[in-house]
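Every number in this text was worked out from the coordinates using simple rules, so none of it is lab data. These numbers were taken from a predicted model, which means no experiment stands behind them. Cβ atoms come from the backbone with ideal geometry, glycine included; neighbour counts cover every protein chain shown.
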2 protein chains.
Amino acid sequence: MSLPSIKLNDTHDPELRSWVESANADGCPFPIQNLPYGVFRRAGGEERFRAGVAIGDQILDLQAAWAAGAFSGFDESARKAAHAACEGATLNALMALDAAAWSALRAALSHALRTGSAHQRELAACLVPQAAAEHAIPAHVGDYTDFYTSIHHATTIGKLFRPDNPLLPNYKWVPIGYHGRASSLGVSGQQFRRPVGQTKAPDAETPTFGPCKRLDYELEVGIFIGAGNALGEPVAMDDAEGKVFGLCLLNDWSARDVQAWEYQPLGPFLSKSFASTISPWIVTLEALAPYRCAWTRAPGDPQPLPYLDSPTLRETGAIDLQLEVLIQTRAMREAGQAPQRLSLSNFRDSYWSVSQLVAHHTVNGCNLRPGDFLGSGTQSGPRPEEAGSLLELSGGGKQAVTLAGGEKRTFVEDGDTIILRAAARRDGLPVIGFGEAAGTVLPARSLP
Amino acid sequence: MSLPSIKLNDTHDPELRSWVESANADGCPFPIQNLPYGVFRRAGGEERFRAGVAIGDQILDLQAAWAAGAFSGFDESARKAAHAACEGATLNALMALDAAAWSALRAALSHALRTGSAHQRELAACLVPQAAAEHAIPAHVGDYTDFYTSIHHATTIGKLFRPDNPLLPNYKWVPIGYHGRASSLGVSGQQFRRPVGQTKAPDAETPTFGPCKRLDYELEVGIFIGAGNALGEPVAMDDAEGKVFGLCLLNDWSARDVQAWEYQPLGPFLSKSFASTISPWIVTLEALAPYRCAWTRAPGDPQPLPYLDSPTLRETGAIDLQLEVLIQTRAMREAGQAPQRLSLSNFRDSYWSVSQLVAHHTVNGCNLRPGDFLGSGTQSGPRPEEAGSLLELSGGGKQAVTLAGGEKRTFVEDGDTIILRAAARRDGLPVIGFGEAAGTVLPARSLP
């Protein structure tokens, strides 16, 4: 583990404990080894959104913590820059710093929140219970790019359309991606109306207009870009992770019937631009360093072209991160039933790694800016039950999934809440959780 | 002409003259009937960018003009809002106002710049020569969407790939569009390195990596969104133009060989995200009102679905706007030769109108924000010489275009400058010009 982002330091020590007691509970998603960033305010109030760090069941208010003088370990200019970067209503300024600055702030947070911290008393006054908070999108997203990195997803979807030739010839060479819609990104808790649009049945002469009948979720990992690169200056593989601020969860809701009719020849458009739900917390790559693993390549797969290759990253380019989808239907909610799991997969099965996405995205000179957002594409595993969308789980809508209460789903129905969760786990190490990306579908607008 | 945007008023009077004498010259692109908006500063200085209006060969500094008290015709709250909206380094705040506010500001500008204006003396001090100014992108672009509205372009491109079936079945029903890249938008004068990327020859087993060999331009009209709409609230056809602040020119540079290898199944990505060049001036829909004309539909074409239809707009939905592409090669520049025309087409030949793009884009609930940007797609006319790209003019790269000096082009070469121009013309009316969108290709970066 020779790359900066893979080095371990004392913030990763599994024995560390926090004076925030809830952070030490077994399986708590936000132990002191995690320290993810988000923006928050007390729910229902008039406060402005501000930067915070999740610790146990609390949020440390970063502006208040800086004001309390609780952070040490910076030289004077670095302290000023880090302090200023935490003052906004978004994390863009913090993202615009570099990996060394992010690491210094993480170290300061870790020391301040440890048992025995000299600043416990002041910092205790800077905590807000997560249960009392609401969140916003943590950054202004300049551009949102969605990739297609799961070869299992691409193969299963391809089989639905081309049984004999499921995977297109470019897949193992090009990290396929397309531009997404930034304006309709929302944070966990997002509710949105079922989209309306044009669809055409395969046997129909002409299209019809109405509510989407094949509404789906997509289980994705979201990637927030940090400092980025100038237009015309590609990012090399071994520099790529230094451009990544951290990861979150993303549900890239999809109107499959709209998509099928609109997507030739320029790709998905209205089928994806009505809502995309992200989790409020951004888990840094540094927090995920102990959970790195080798790239997935099968025997016979081509080696990546040199601009997408790195001997070091072949061994550490992937992240062992469990990804889970759950559903809570309206009936389940009304009966007080907990959400039910639909699938479990793992980000380590992604064919293309985070570094490869950054290197590919910029190889033509395209500039990434602080706060730009990448989606990994739907993360499906090699087994059918590991599929990250209902389209896959239901075999293209042909075999309904039966839920515990007897309800059936081929696609998402009005009133359904879809919840994404993620956790990095390794024996002897704490769980690094992501919180949730939950979104609920409301009925379509009544048509004129 | 019963829609607000099609009503004429005294700002359209062809007899109007300005005390800025250059605005009255025959064929001047910026007569007093035009009044396009941009952001500018004196070239080479340290000034910040600010809002301006082109008049003749001058720019009226809007902040200075407000400070000089030169605008009348507002009630007090509208005056405050309009004044505040002109104070930023971008036009987003002005765009966020509504069509009535834009119209009031246009009327005030028209009165202030007319011969006989009581404010001539103060305003003369607020002029900056265009030749002494430099420009920036006039708005922060939240999202950039590129459409595909020219049926002639779509048919010609389709023929290159599918001679027997050039136009896909969705074309006459769906205004095809996709998300573009906002970060690489640049203003006229943009210079960029030839992009590098993966390509695969049709007969090759594996892809290769290197500079793009089929670099092309695309002649497009750009559309800046004004007030926009809330997520989940579609914009109806007859409200759509009230959401549009104005039009400019757009060269959506394209790496055709990269595009061919990468675009299945999710559409163009790196082939379009290295540079897109726009003109600095935004011409308002109100300035273009006298140049409206009927939609283009051929006998047998389906009528648009109701959400894309409007009886009024059938007669006035299109804009009679000449579009021109010119080239100046390095050799031409060094020999002091003027740019040479490559093609001339007209925006009135677009199959889908501006209103239809806005209505379609929002029908699924997608929100448009002030400053969001739409591209029309390449505007090719019905005749081969009216093609808006070299890919079309050269028959897919097979028949080189011969330039006046004997040089030949199948695609754009290093050192070439491509210049887009536009003008609305009608007998008895002044010319409404757009200025230029010029961009120059530099050699690719040397590869490691």
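If you plug the beta carbon distance of B:Lys80 and B:Glu315 into 1/(1 + (r/R0)^6) with R0 = 30 Å, you get a FRET efficiency near 0.20. Computed from Cα positions, the angle between helix B:76-85 and the longest principal axis of chain B comes to roughly 40 degrees.
Summarising the amide proton neighbourhood of B:Ala133: residues at separation of 5 or more, or on other chains, whose placed amide H is nearer than 5 Å comprise B:Ala43. Over all pairs of different C-alpha atoms in the range B:4-135, the reciprocal of the mean inverse distance, the Kirkwood hydrodynamic radius, equals 15.0 Å.
Averaged over the residues of B:229-241, the number of partner chain Cβ atoms lying within 10 Å of the residue Cβ comes to 2.
Over the residues of the protein assembly as shown, the helix contribution to mean residue ellipticity at 222 nm works out to -5000 deg cm²/dmol, using -39500 (n - 2.57) for each DSSP H run of at least 4. Among the GluC sites (Glu not before Pro) within the range A:153-242, those in coil by DSSP and having at most 12 neighbouring Cβ atoms inside 10 Å are A:Glu205. Cross-link reach is defined here as a Cα-Cα straight distance under 27 Å, omitting same-chain residues fewer than 8 places apart; for A:Lys7 the lysines meeting it are A:Lys80, A:Lys243.
With R₀ set to 56 Å, the beta-carbon distance separating A:Lys408 from B:Glu21 gives a calculated FRET efficiency near 0.15. Of the residues B:Ala260, A:Leu35, B:Gln356, the one whose Cα sits farthest toward the positive end of the charge dipole of the protein assembly as shown, with +1 on the Cβ of Lys and Arg and -1 on the Cβ of Asp and Glu, is B:Ala260. Per residue, the average separation of C-alpha pairs within less than 8 Å and at least 6 apart gives the range A:135-185 a relative contact order of 49 percent. Efficiency by 1/(1 + (r/R0)^6): what FRET value for B:Asp427 and B:Arg48, r their Cβ-Cβ distance, R0 = 41 Å, to the nearest 0.05? Efficiency at R0 = 41 Å is approximately 0.45. Peptides B:384-390, A:299-305 ranked from most to least packed by the mean count of surrounding Cβ atoms within 10 Å: B:384-390, A:299-305. Where a Cα-Cα gap under 30 Å defines reach, which lysines qualify for A:Lys159, not counting those fewer than 8 residues away within the same chain? Result set, ordered by chain and number: A:Lys172, A:Lys200, A:Lys213, A:Lys272, A:Lys398, A:Lys408, B:Lys159, B:Lys172, B:Lys200, B:Lys272. For the peptides B:102-112, B:330-340, residues were scored by their other Cβ atoms within 10 Å and the scores averaged per peptide; the highest-first order is B:102-112, B:330-340. The coefficient of translational diffusion for the protein assembly as shown, derived via Stokes-Einstein from the alpha carbon Kirkwood radius under 37 °C and 0.692 mPa s, stands at 114 µm²/s. Over chain A, Cα pairs under 8 Å with separation of 6+ residues give a relative contact order of 21 percent. Take B:398-404, B:140-146 and order them by the average number of nearby Cβ atoms within 10 Å per residue, most first; the result is B:140-146, B:398-404. Remark: mean inter-chain Cβ contacts per residue of B:167-174 equal 5, using a 10 Å Cβ-Cβ cutoff to other protein chain atoms.
Residue-wise HN-Hα couplings along the range B:130-136, as the Karplus relation 6.51 cos²θ - 1.76 cosθ + 1.60 with θ = phi - 60° gives them from phi, are 4, 5, 9, 10, 10, 10, 10 Hz; Gly and Pro carry x. The angle separating the long axis of helix A:99-113 from the principal Cα axis of greatest extent in chain A is about 70 degrees. Can you classify the range B:131-284 as rounded, prolate or oblate using the Cα gyration tensor, where a ≥ b ≥ c are the square roots of its eigenvalues, rounded means a/c under 1.5, and otherwise it's prolate if a/b beats b/c and oblate if not? Oblate, because a/c is 1.5 or more while a/b does not exceed b/c. Each residue of the range A:312-319 is assigned a 3J(HN,Hα), and the resulting list reads 5, 6, 4, 8, 9, x, 9, 10 Hz, derived from the Karplus form 6.51 cos²θ - 1.76 cosθ + 1.60 (θ = phi - 60°), x at Gly and Pro. Counting Cβ atoms of other protein chains within 10 Å of each Cβ in A:196-208 and taking the mean gives 3.
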